[in-house]
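**Q** This structure is in structure tokens; I'll ask about it shortly.
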Amino acid sequence: LRAAADGSLDGVMILKAGRNGGGDVADFAIVDLNQRCAALFGRQRADLLGKHAFATMPRYRQTGFFERYVAVYLQGGSIEEDVELRLEGDAPRWIRHQIVPLDDGVAVTARDITSRKNAEIEMHSNRIFLQSLIDHLPVLICVKSLRQVSFGAVMVWNKAAEKMTGLSASDVV
């Protein structure tokens, strides 16, 4: 397990729930983590082992991670999601993480997906811009598919095409 965790592209962390005097989960002790996980926090592995995660790194409380860890620990089930981190003094980052319940805490895997997510967001923005451009150009635009499975099918029919032909895009595409 150590070799797999240390060789993984993901940060891996095992957290044990720590309860307060009232019996509520107050923090999570870092039982184990790989160096890649420590690097996600900008720390060294040795500096985090055995420490209480949110007492040691209090600014991560505002991310909602603590509440997610508690929910998974108490209710069971796993969570897998992409989360945008906006921490004071840091550039925004995207983290893909999975939280899995354990008998006395949670296991977390995490990966920084900022570059991929930024590329997806840029691609989506470019698509929206190009679609808007196609829709509003004052010339008829009709695009037919060249793919074997849909050869000849109309894929794009802009507003100018609707105006000039009297045929709506929903009838043609």
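**Q** Every residue in the stretch 99-124 that is small (G, A, S) and open to solvent by less than 60 Å² (accessible area, probe 1.4 Å), please.
**A** First, pick out the residues of the stretch 99-124 that are small (G, A, S): 105, 107, 110, 115, 119.
Answer for the stretch 99-124, where residues must be small (G, A, S) and open to solvent by less than 60 Å² (accessible area, probe 1.4 Å): G105, A107, A110, A119.
One line per residue, one yes/no per condition, for (1) in contact with a Lys or Arg (Cβ under 8 Å, 6 or more places away or on another chain); (2) more than 30 Å from A17 (Cα to Cα):
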position: R96; (1), (2): yes, no
position: T109; (1), (2): no, no
position: D112; (1), (2): yes, no
position: N118; (1), (2): no, yes
position: L133; (1), (2): no, yes
position: L140; (1), (2): no, yes
position: V143; (1), (2): no, yes
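**Q** Continuing with this model, one more query. How many residues does the stretch 81-98 hold that are of a type in the set (D, E, K, R), open to solvent by less than 70 Å² (accessible area, probe 1.4 Å) and under 19 Å from L33 (Cβ atoms)?
**A** Here the count works out to 1.
**Q** Still on this model: Quick one: is A160 open to solvent by less than 70 Å² (accessible area, probe 1.4 Å), at pLDDT 90 or above and in a helix (DSSP H, G or I)?
**A** Spelling it out, A160 is indeed open to solvent by less than 70 Å² (accessible area, probe 1.4 Å), at pLDDT 90 or above and in a helix (DSSP H, G or I).
**Q** Assuming R59 fulfils every condition listed in (1) in a strand (DSSP E or B); (2) in contact with an Asp or Glu (Cβ under 9 Å, 6 or more places away or on another chain); (3) open to solvent by 70 Å² or more (accessible area, probe 1.4 Å) apart from one, which condition is it?
**A** So the condition that R59 fails would be (1).
**Q** Taking interchain pairs and intrachain pairs at least six residues apart, which have beta carbon atoms under 6 angstrom, with the first residue in the stretch 89-111 and closer than 18 Å to L9 by Cβ and the second modelled with pLDDT under 95 and among the hydroxyl-bearing types (S, T, Y)?
**A** Within 6 Å, the pairs are R93/T114; W94/T114.
**Q** Among the residues of the stretch 46-64, is there at least one that is in contact with a Pro (Cβ under 9 Å, 6 or more places away or on another chain), touching a residue at least 12 places away in the same chain (Cβ under 8 Å) and hydroxyl-bearing (S, T, Y)?
**A** The answer is no, given that none of the residues of the stretch 46-64 is in contact with a Pro (Cβ under 9 Å, 6 or more places away or on another chain), touching a residue at least 12 places away in the same chain (Cβ under 8 Å) and hydroxyl-bearing (S, T, Y).
**Q** Would you mention how many residues in the stretch 1-53 are outside any strand (DSSP E or B), among the hydrophobic types (A, V, I, L, M, F, W, C) and in contact with a strand residue (DSSP E or B) (Cβ under 8 Å, 6 or more places away or on another chain)?
**A** So the count comes out to 9.
**Q** Does A29 fit the bill of being open to solvent by 70 Å² or more (accessible area, probe 1.4 Å) and in contact (Cβ under 8 Å) with a residue 24 or more places away in the chain?
**A** no
**Q** Can you tell me which of (1) under 12 Å from V108 (Cβ atoms); (2) open to solvent by less than 60 Å² (accessible area, probe 1.4 Å); (3) free of Cβ contacts under 8 Å to residues at least 24 places away in the same chain is the one S78 doesn't meet?
**A** Against the list (1) under 12 Å from V108 (Cβ atoms); (2) open to solvent by less than 60 Å² (accessible area, probe 1.4 Å); (3) free of Cβ contacts under 8 Å to residues at least 24 places away in the same chain, S78 comes up short only on (2).
The values are calculated or read from the model by the stated rules, or taken from the named source; none is laboratory data. All values derive from a computational prediction rather than experimental measurement. Virtual Cβ from ideal backbone geometry, glycine too; neighbours counted across all protein chains shown. The area values use the complete protein model at the heavy-atom level, side chains included, leaving out ligands, DNA and RNA. Shrake-Rupley method; radii C 1.70, N 1.55, O 1.52, S 1.80 Å.
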